[in-house]
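All remarks here apply to the structure that follows.
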Amino acid sequence: MASQRRQPTPSPKTPMANPPRTSEGHPDLQGFWNNTSVTRLERPENVSQLVLSELEAERYEQGSTWVVNAKTQNAGELKIPVVITVYADRSFSFITKTPPAPDLLMKAAGVDKGSATPNKTKVGSVTRKQVEEIAQLKMPDLNCFRLEAAIKTIEGTARNMGLTISD
């Protein structure tokens, strides 16, 4: 979700930029423009350095990748989506999500990829029990409140991949 920033108001000392106008009265936006006169360049008080040293950067990278690897090591070959948030004090948090439904369906069906034309060419099949297991696993990341709705969502994904659903 994109964050919305409030436009800074220029201080009384900084005059508003008056861009050149076209013959119709619109701003002439040709050329190079920047907002250096409006943007305040301030650093938070708790940040003491502008850049990290080589050693600090290496330690930070090793530490953050170690944490991510530790949380995702049981996934095997499955892709694990991760939401990483980095804060101004250089700390970070991340949330691991469940594997994508198409990956789980392809693994359950034993196929390498979905069909390019799912309405004509079927590439494999999954059972309703497999679909229910995938739906239960994906339940925290789906926008469904009931398991039946999650199952229908996963069934729709399977159909769009060219998989048939058997009993």
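The values are calculated or read from the model by the stated rules, or taken from the named source; none is laboratory data. The model shown is predicted, which means the values in this text are computed figures rather than measured ones. Heads up, the Cβs are rebuilt from the backbone with ideal geometry, glycines too, and the neighbour counts pull from every protein chain shown.
All of Gly110, Gly114 fail the test of being surrounded by fewer than 15 Cβ atoms within 10 Å (Cβ to Cβ) and not polar (S, T, N, Q), apart from Gly110.
Among the residues in the stretch 124-132, are any within 23 Å of Glu77 (Cα to Cα), in contact (Cβ under 8 Å) with a residue 24 or more places away in the chain, in a loop (DSSP other than H, G, I, E, B) and not aromatic (Phe, Trp, Tyr)? Checked the stretch 124-132: no residue is within 23 Å of Glu77 (Cα to Cα), in contact (Cβ under 8 Å) with a residue 24 or more places away in the chain, in a loop (DSSP other than H, G, I, E, B) and not aromatic (Phe, Trp, Tyr). Condition check for Pro102 on (1) outside any helix (DSSP H, G or I); (2) modelled with pLDDT of 90 or more; (3) under 21 Å from the mean Cα position of the chain (by Cα): one failure, at (1).
The single residue among Asn35, Asn74 that is in a loop (DSSP other than H, G, I, E, B), at pLDDT below 80 and loosely packed, with under 10 Cβ neighbours inside 10 Å turns out to be Asn35.
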